[in-house]
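The values are calculated or read from the model by the stated rules, or taken from the named source; none is laboratory data. In this text, all values refer to a predicted model and were calculated from it rather than measured experimentally. Don't worry about glycine lacking a Cβ; one is built from the backbone with ideal geometry, like all the others, and counts go over all protein chains shown.
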Amino acid sequence: MKQILVTGGAGFIGSNFIHYILNTYHQVKVVNLDALTYAGNLENLSSVTRDSRYTFVKGDIRDRALLNRLFVEHQFDTVVNFAAESHVDRSITQPEVFLETNILGTQALLDTAKSYWKLDPEDKYSREYQPGVRYLQVSTDEVYGALGQTGKFQEITPLSPNSPYSASKASADMIVHAYYETYGMPVNITRCSNNYGPFQFPEKLIPLMIHNCLEGKPLPIYGDGMQVRDWLYVEDHCAAICTVLEKGMPGEVYNIGGNNEKANLEIVKLILRKLKKGDELITYVKDRPGHDRRYAIDNTKITTELGWSPAYTFEDGMARTIQWYLDHPEWLARVTSEAYRDYYVEMYQGAE
Ligand code: NAD
Ligand code: DAU
């Protein structure tokens, strides 16, 4: 039986990951530790709330006392750290919380896992850990910075982050690596490209454009709209993380991507066509400061060494995603009206 601590599990990818592992593995217990920031939405997990394999804990990954208590209580053998401030635009106006959560939160998790998993935590020279334990840091392709018109990010590409968000994620990656080199801690880092799919907060490109399109509102395109991102359906990201947990070599970094480079304008026009709206909704706005021009992932390492490959084509993934938002108007309405923030109180009040 695996005992997994998932942090940030009420967010977009974390909630998809929890659904994925509960559906895929029967012998698993999951604790979801999430601070429920604006991006945490427990309604994403309403269908598993009563699953005996699932426990929700409201809390901050920087709270070391809480982390200690949870490790004692649940004896985790696996940590998957999704918890983060994740939106580049917010990091431009409010960088501090990005550094606090993304860097210091990661370090608190690493320290706690190290002290519980290390066979002799008092001996600074010892590199022996309980068998089968693993810490996985969910990172991003943005740590590599921006590409020109050609080339792809490889795991050996130097880190060159350009936004406060990506700088905080790159810092966290370096701390994770340091815990591998210095303490011999069994860690992995995954660096995935842009995700899309169900439960994504409508501040990110695809759900924002779907929502605005459905409402007949302008679709704000930064700059010329020709920035390129490499898109992956969220379930493929979840499957890739499980592959790394099962087969990844300790200390290794794995890039995750599905070779789907698209310009932003191309994505927006596809959404307009699918929702039968006209191009007049497209509105060019001032560009994001420091906007990275192009990202692209070389996924050779994870595909050849670990045997993972994406199950969804971009066309299939986008069709499913748009259909999901069409089928869940109440989810979008509750997110955009902020009603989703009442769910925790309704569901868990008195349970703490
Ligand atoms: P998200 O913003 O949707 O979710 C983040 C979750 O973390 C939320 O539930 C939030 O409440 C929680 N959280 C924030 N601060 C916390 C704290 N201090 N303690 C506990 N919980 C906290 O993010 P996402 O898009 O699901 O991304 C998840 C992870 O994947 C992030 O680490 C992000 O950097 C990485 N990533 C995202 C993408 C993408 O395209 N969205 C791609 C690659 C990597
Ligand atoms: O590459 C992985 C990263 O992808 C993750 O690490 C981040 O957590 C995630 O937010 C995402 O970052 P991006 O900045 O690429 O995603 P976003 O959806 O914010 O923007 C995608 C592209 O669309 C980017 O070039 C900016 C542009 N854009 C975005 C918004 C919200 C617009 O043109 N208009 C918009 O309104």
Open item on the list: Out of the residues in segment 24-76 meeting the condition of being more than 30 Å from L119 (Cβ to Cβ) and basic (K, R), tell me which one is farthest from the chain's Cα centre (by Cα).
Closed with: R50
Open item on the list: Against the condition within 13 Å of I271 (Cβ to Cβ) and either surrounded by fewer than 19 Cβ atoms within 10 Å (Cβ to Cβ) or modelled with pLDDT of 95 or more (or both), how does L232 come out, does it pass?
Closed with: no
TODO: Residues that are within 20 Å of N194 (Cβ to Cβ), in contact with a Pro (Cβ under 6 Å, 6 or more places away or on another chain) and not β-branched (V, I, T): find the helices (runs of 4 or more DSSP H) completely inside segment 244-349 holding 1 or more of those.
DONE: 314-327
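Of the residues in segment 112-122, how many are assigned to a loop (DSSP other than H, G, I, E, B) and not acidic (D, E)?
Quick first cut of segment 112-122, residues assigned to a loop (DSSP other than H, G, I, E, B) only: 119-122.
In the following step, the residues that additionally are not acidic (D, E) were identified as 119, 121.
Here the count works out to 2.
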Open item on the list: For segment 239-252, give me the residue count where each residue is buried (at least 17 other Cβ atoms within 10 Å of the Cβ) and either at pLDDT below 95 or touching a His at 6+ places or on another chain (Cβ under 8 Å) (or both).
Closed with: 0
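Might you check whether a residue that is basic (K, R), closer than 24 Å to R90 by Cα and over 20 Å from the mean Cα position of the chain (by Cα) occurs anywhere in segment 321-334? Outline the logic, then answer.
In the first step, residues of segment 321-334 are kept if they are basic (K, R); the result is 334.
Keeping just the survivors that are closer than 24 Å to R90 by Cα gives 334.
Imposing the further condition that a residue be over 20 Å from the mean Cα position of the chain (by Cα) reduces the set to 334.
Scanning segment 321-334, I find at least one residue that is basic (K, R), closer than 24 Å to R90 by Cα and over 20 Å from the mean Cα position of the chain (by Cα), so the answer is yes.
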